[in-house]
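Chemist: Take this structure first; my questions come after.
The values are calculated or read from the model by the stated rules, or taken from the named source; none is laboratory data. Note that the structure is a prediction, hence the values are computed from the model and not measured. For neighbour counting, all protein chains shown are included, and Cβ atoms are generated from backbone atoms with ideal geometry for every residue, glycine included. Quick note on the areas: whole protein, heavy atoms, side chains included, nothing else; ligands and nucleic acids left out. Shrake-Rupley method; radii C 1.70, N 1.55, O 1.52, S 1.80 Å.
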Amino acid sequence: LCLWGHPYLNSIFLLFFFFFSLTPWVPVVGLEIHAQISSNSKLFSGSQVQFAAPPNSLVSFFDASLPGTLPVLNRRCVEAAVMTGLALNCSINKKSLFDRKHYFYADLPAGYQITQQRVPIAVNGSLSYSLCIDNKMSQMVTKTVRIKQIQLEQDSGKSLHDDVRSQTLVDLNRAGVGLMEVVMEPDMCCGEEAAAAVRELQLILQTLGSSQAVMAEGQLRVDANVSVHHPGEPYGVRTEVKNINSIRFLAKAVDYEIERQIEELESGGTILNETRAFDSKLGCTVPMRDKEGKQDYRFMPEPNLPPLILYNARSLPANMNHQQVVNIDWIHERLPDLPSVKRAKLVEQYGILPEHSFTLLNEAGLTEFFEDVIKQTQMKPKKVIGWILNDLLSYLKQHSLTVKESPVSSFLLADLLNRLEKKEISSTAAKQVFAELWKGEGKTPLEIVKEKKLQLIQDQEDLERICQAVIDGQENEVIICQCRKDGVLALPHLLGRTRSSLPGSLV
């Protein structure tokens, strides 16, 4: 303290303070994603899996944790996890273990969740994803996030809070449904990156069929771990934003939490190690519970389940019944083309722009619609993609419809584009026909063209006669004189007159 007044030390302190006040913050984002496995039955019981079933109508004795009931592992869930691990470049553990994770909620009847804490089914993978630079689809960059592990675990039930009656009801239909928890390392730095990574994972899961991954139905839920620190310093205290069920909300929640933490630290505050929730109406995160007193989950081996043993072609015993084991190589050979491969094929096969391939795959069913149109039309794919993205997709978004719900089928659009390609109608008229097709009145493009008199005039003599009639009109005498005197100044006016005299919008 006695040295504080020294001008040299004052300058050092001020420079030190000034440097750290201007040093940019480095955000760090890691994700934990729970994907519901696409299976007819639950992970350890034969209860059916169905969204929006009547409450407590799909609950077995094991799901309700009645004494004496034992878990029976669902083979389909194991295969889905292996398939997902292979698609995410993971190493598949031939021996994985199940554990009990103890915690007490009303919607967890057993008082513990069966998961894979010690040795999960897949580890050390990676996921490549692409995102736009400055929101420009033409400028995209590819990044990679490491996958720490994929583990099988049970879902819990659902608590339904009745504020009017001040009570909570429990629905156990979801209890015991199979989940894959995909743990991503903290390799992301903003909401846009987190959203792009989750969207790519969602596409992969849907392509594999291992999960329908419909976020609106709770089949894909995201927990985001967010912290900030100065460059060269250790990671800061992180907060966890729980149960985000929308990719758009994920981006907003992460970006808000980054800004909140920076503002808190720059104002002299501290960040609490807490769990928060994203309020979509307010556009901010709100505290749920703090983690300062770390909860002891008392992990222990699951005594009722033996180790999960997987095989490959080399380790599979000769006398083993193939129907009773999971063969990693067999699953690997049957992996479908992943989204990244599909995009590359679309670009190579049809000559479309890379950014257009992303749009095609991002909209469910749009790639199939595009390829169906290509098969039925003579128009080049580069022109077809313009109609798909600028017209069809625009109409779908305006009316909040999916591709399957489109009133314009691929057959009707192909018919329309064929008539445009043959120059039976103009591009302006084609837009009018498309708008009429969208009404879903059952008319064909040809019927609409004839009804609205939109066909192009092909006979040159007819066109010359119409043009001559416009020129011969008494009201155009002054225009004609001006045209002869000033060259082309009056031509736009004459062209406009000619267009208006044609039946319908033909040019």
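Chemist: Any idea what the dipole of the chain comes to, in debye rounded to 20, about its Cα centre with Lys/Arg Cβ at +1 and Asp/Glu Cβ at -1?
Modeler: It works out to roughly 860 debye.
Chemist: Helix 191-208 against the longest principal axis of the chain: what's the angle in degrees, Cα atoms only, rounded to the nearest 10?
Modeler: 90
Chemist: Please report, largest first and rounded to whole Å, the three semi-axes of the ellipsoid equivalent to the stretch 26-301, where each semi-axis is the square root of five times an eigenvalue of the C-alpha gyration tensor.
Modeler: Semi-axes from the Cα gyration tensor: 31, 23, 18 Å.
Chemist: By how many nm would the segment from residue 324 to residue 70 grow when fully extended, if each residue of separation counts as 0.36 nm and the alpha-carbon distance is taken off?
Modeler: Residue separation times 0.36 nm, minus the Cα-Cα distance, leaves 89.5 nm.
Chemist: Loop-only chymotrypsin sites (Phe, Trp or Tyr not before Pro) in the stretch 283-369, please: DSSP not H, G, I, E or B, and at most 16 other Cβ atoms within 10 Å.
Modeler: 297, 299
Chemist: At what distance in nm do the modelled label points of residue 140 and residue 51 sit from each other, each positioned 7 Å from its Cα along Cα→Cβ?
Modeler: Distance between the two pseudo-spin positions: 2.6 nm.
Chemist: Of 393, 183, 119, which is farthest on the positive side of the dipole of the chain, counting Cα position, with +1 on Lys and Arg Cβ, -1 on Asp and Glu Cβ, and the Cα centre as origin?
Modeler: 119
Chemist: In the stretch 301-398, which trypsin sites (Lys or Arg not before Pro) are in a loop and have at most 11 other Cβ atoms within 10 Å, using DSSP for the loop call?
Modeler: Those satisfying the criteria are 314, 334.
Chemist: Here is a further query. Could you pull out every one of the aspartates and glutamates with an alpha carbon less than 20 Å from that of residue 42, ignoring same-chain neighbours closer than 8 positions?
Modeler: 63, 79, 99, 107, 153, 155, 171, 181, 217, 302
Chemist: Let me ask something additional. Which of the peptides 117-124, 190-197, 360-367 is most tightly packed, and how do the rest follow, going by the mean number of other Cβ atoms within 10 Å of each residue?
Modeler: My ranking of the peptides, most packed first, is 190-197, 117-124, 360-367.
Chemist: So, for the stretch 339-452, what is the accessible surface per residue at a probe of 1.4 Å, expressed in square angstrom?
Modeler: With the other protein chains kept in place, the stretch 339-452 gives 52 Å² per residue.
Chemist: Considering amide H positions built from the backbone, and no H for Pro or chain starts, which residues 5 or more places from residue 285, or on another chain, come under 5 Å of its amide H?
Modeler: Residues meeting the amide H criterion: 279.
Chemist: Quick one: which of 252/380; 397/443; 281/342 span more than 30 angstrom between C-alpha atoms?
Modeler: 252/380; 281/342
Chemist: Additional query: Averaged per residue, what accessible surface does the stretch 26-301 expose to a 1.4 Å probe, in Å²?
Modeler: Normalised by residue count, the accessible surface of the stretch 26-301 is 47 Å².
Chemist: Also, I was wondering about something else. What do you get for the angle between helix 460-472 and the principal long axis of the chain? Use alpha-carbon atoms, 0 to 90 degrees, nearest ten.
Modeler: 70
Chemist: How many percent of the accessible area of the stretch 94-230 is carbon or sulfur, using a 1.4 Å probe?
Modeler: 47
Chemist: Only helical DSSP H runs with n ≥ 4 go in: add -39500 (n - 2.57) per run for the chain, normalise by residue count and round the 222 nm mean residue ellipticity to 500 deg cm²/dmol.
Modeler: My calculation for the chain gives -11000 deg cm²/dmol from helical runs alone.
Chemist: Run through the stretch 287-355 and list the GluC sites (Glu not before Pro) located in a DSSP loop whose Cβ has at most 10 other Cβ atoms within 10 Å.
Modeler: Answer by residue number: 292.
Chemist: Calculate how steeply helix 410-421 sits against the longest principal axis of the alpha-carbon atoms of the chain, using the helix alpha-carbon long axis, and give the answer as 0 to 90 degrees to the nearest 10.
Modeler: 40
Chemist: How much net charge surrounds residue 386 when only the other residues with a Cβ under 15 Å from the Cβ of residue 386 are counted, with Lys and Arg +1 and Asp and Glu -1?
Modeler: +1
Chemist: Quick one: what does P(r) look like for the stretch 339-452 with 10 Å bins over all Cα pairs, in whole %?
Modeler: Percent of pairs per bin, in order: 14, 48, 31, 7, 0.
Chemist: Here's something else I'd like to know. Which listed residue (195, 206, 77) has the Cα farthest towards the positive end of the charge dipole for the stretch 26-301, taking +1 on Lys and Arg C-beta and -1 on Asp and Glu C-beta about the Cα centre?
Modeler: About the Cα centre, the residue reaching furthest to the positive side is 77.
Chemist: Another question, if that's okay. Sequence neighbours fewer than 8 away in the same chain don't count; with that in mind, list the aspartates and glutamates whose C-alpha is under 12 Å from residue 452.
Modeler: Within the straight-line cut-off, residue 452 pairs with 436.
Chemist: How much length, in nm to one decimal, is gained on full extension between residue 446 and residue 313, taken as 0.36 nm per residue of separation minus their Cα-Cα distance?
Modeler: Here the answer is 42.1 nm.
Chemist: Stretch residue 411-residue 106 to full length: gain in nm at 0.36 nm per residue minus the Cα-Cα span?
Modeler: 104.5 nm
Chemist: Which entry in (1) 41.7; (2) 25.6; (3) 27.0 is this structure's computed mean projected area of the Cα convex hull in nm²?
Modeler: For mean projected area of the Cα convex hull in nm², the calculated option is (1).
Chemist: Could you please state how large a percent of the accessible area of the stretch 339-452 is carbon and sulfur, counting protein chains only and using a 1.4 Å probe?
Modeler: Its accessible area is 51 percent carbon and sulfur atoms.
Chemist: Return the distance in nm (one decimal) between the two label points of a simple spin-label model at residue 192 and residue 467, each offset 7 Å from Cα along Cα→Cβ.
Modeler: Here the modelled spin labels are 5.1 nm apart.
Chemist: Highest mean first, what order results for 198-204, 176-182 on Cβ atoms within 10 Å?
Modeler: 176-182, 198-204
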